[in-house]
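Q: Pasting in a structure now, in structure tokens, and then I'll have a few things to ask.
The values are calculated or read from the model by the stated rules, or taken from the named source; none is laboratory data. Since the model is a prediction, treat every value here as computed from it, not as a measurement. We place every Cβ from the backbone using ideal geometry, glycine too, and count neighbours over all the protein chains shown. For accessibility, only protein heavy atoms count, side chains too; no ligands or nucleic acids. Shrake-Rupley method; radii C 1.70, N 1.55, O 1.52, S 1.80 Å.
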Amino acid sequence: MKSRYFYIFILTVTLCLAVLLLNRPDIDLDAFEELFWFTCTGLLIGYGAQYVSNRFLILAWGMYCVGLFLDVLDDILTKDTLPILVADTSLKKIGLILTCIVLYNVIHHERKIINKLNSEINRRKKLEDRLNFEANHDHLTQLGNRKSCFENFATLSSKYPYLLYFDLDNFKHANDKYGHQTGDEVLISISNALQTEFGADNCFRLGGDEFVAFSQVPPENIDTLRNRLVEQIFEFDVGVSIGIAKITPNESPDEIMHRADSNMYSDKSHKIIRQTPRT
């Protein structure tokens, strides 16, 4: 409602000035150009006041508008009649300078907001990445967990045709004998050895002392691989049983995993037989 009255005021003033200019025989066309810009600026102030929260900017526009108004009056009256007419150019320049200062502050403020938003976005992205990593990786060994293994099974099996299943022998005995901290060190050592052999992205800890790895080729010698994996934990009397399964497209991940698990238990039972003294 206030804006409507302001529009009416500006248009009324414009009409009055136009009539006064037309009544002057020696009027210059530049005066009508100044009147046009005065009207545009006045209407802009009325429109902007509804949406611009920075009142200092409205004040700057107002000073510029008053300068334009005095410019028009300068073509109708003399400076002797109205001395304030000498301030027309100064008011316009001050209005422009103040407008630039306000816009600079607004841009600077918006940049600070944008930088804060970018920082918040980066913080949230890092948090999301960390939560996603924790949801898909074992916190102790940093290997992918069971969930991650099955989610990536199709992709990995298309590149690596062999699945190896690992289970630690005598791990519970070593954990009870040497303590849980040593047990954690054993698990970390095995996970590091698996990553060295097969790559970090191809190895997963299923839980407890069970691991799997995807391989391009089967190991040439199971016992040689076994020795390399337990080389750093040999002193704790911990061994490793290994089962190998050839990945076929007609089997589900559960079936392939079960077959590798069965082969691992077969390897474990054969080792028990070999380690049993003959009578």
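Q: Going by the structure shown, is residue 85 at pLDDT below 85 and either in a helix (DSSP H, G or I) or open to solvent by less than 60 Å² (accessible area, probe 1.4 Å) (or both)?
A: yes
Q: Restricting the first residue to region 116-136 and requiring it to be open to solvent by less than 80 Å² (accessible area, probe 1.4 Å), which pairs with a second residue that is outside any helix (DSSP H, G or I) and not aromatic (Phe, Trp, Tyr) meet a Cβ separation below 7 Å and a spacing of at least six or different chains?
A: The qualifying pairs are 136/144; 136/145.
Q: Would you please list the contacts, defined by Cβ atoms under 9 Å and residues six or more apart or on different chains, that run from a residue in region 169-188 that is more than 16 Å from residue 226 (Cβ to Cβ) to a residue that is crowded, with 20+ Cβ neighbours inside 10 Å and among the acidic types (Asp, Glu)?
A: Short answer, once both residue conditions are applied: 172/209; 175/209; 183/209; 187/209.
Q: Can you give me the number of residues within region 242-261 that are surrounded by 13 or more Cβ atoms within 10 Å (Cβ to Cβ) and either in a loop (DSSP other than H, G, I, E, B) or touching a residue at least 12 places away in the same chain (Cβ under 8 Å) (or both)?
A: Counting residues in region 242-261 that are surrounded by 13 or more Cβ atoms within 10 Å (Cβ to Cβ) and either in a loop (DSSP other than H, G, I, E, B) or touching a residue at least 12 places away in the same chain (Cβ under 8 Å) (or both) gives 12.
Q: Considering region 130-182 alone, what residues qualify as being touching a Phe, Trp or Tyr at 6+ places or on another chain (Cβ under 9 Å) and aliphatic (A, V, I, L, M)?
A: 143, 156, 163, 164, 168, 174 - these are the residues of region 130-182 that are touching a Phe, Trp or Tyr at 6+ places or on another chain (Cβ under 9 Å) and aliphatic (A, V, I, L, M).
Q: Separate question: Those residues that are in a helix (DSSP H, G or I) and more than 18 Å from residue 89 (Cα to Cα), I need them from region 23-41; list them, please.
A: 29
Q: Please determine, by comparing only the residues of region 182-241 that are touching a Ser or Thr at 6+ places or on another chain (Cβ under 8 Å) and in a loop (DSSP other than H, G, I, E, B), which one is least open to solvent (accessible area, probe 1.4 Å).
A: 233
Q: Residues of region 192-247 being β-branched (Val, Ile, Thr) and under 24 Å from residue 153 (Cα atoms), which ones?
A: Residues satisfying the conditions are 196, 212, 217, 222, 240, 242, 244, 247.
Q: Going by what's in this entry, would residue 158 be described as under 27 Å from residue 269 (Cα atoms) and in a helix (DSSP H, G or I)?
A: The answer is no for residue 158.
Q: Sticking with this one: If only one of 188, 222, 247 is modelled with pLDDT of 90 or more and over 18 Å from residue 161 (Cα atoms), which one is it?
A: Among 188, 222, 247, only 188 is modelled with pLDDT of 90 or more and over 18 Å from residue 161 (Cα atoms).
Q: For region 184-208: of the residues being of a type in the set (Gly, Ala, Ser) and touching a Lys or Arg at 6+ places or on another chain (Cβ under 7 Å), which is nearest to residue 138 (Cα to Cα)?
A: 207
Q: If you don't mind, another one. Picking from 104, 64, 51, 47, which residue would you name as being without any contact (Cβ under 8 Å) to a residue 60 or more places away in the chain, of a type in the set (Ser, Thr, Tyr) and either on the phi > 0 side of the Ramachandran plot or surrounded by 14 or more Cβ atoms within 10 Å (Cβ to Cβ) (or both)?
A: 64 is the lone residue from the list that is without any contact (Cβ under 8 Å) to a residue 60 or more places away in the chain, of a type in the set (Ser, Thr, Tyr) and either on the phi > 0 side of the Ramachandran plot or surrounded by 14 or more Cβ atoms within 10 Å (Cβ to Cβ) (or both).
Q: Another one. Quick check on my filter: what residues within region 8-22 are of a type in the set (A, V, I, L, M, F, W, C) and either outside any helix (DSSP H, G or I) or under 20 Å from residue 74 (Cβ atoms) (or both)?
A: 10, 13, 15, 16, 17, 18, 19, 20, 21, 22
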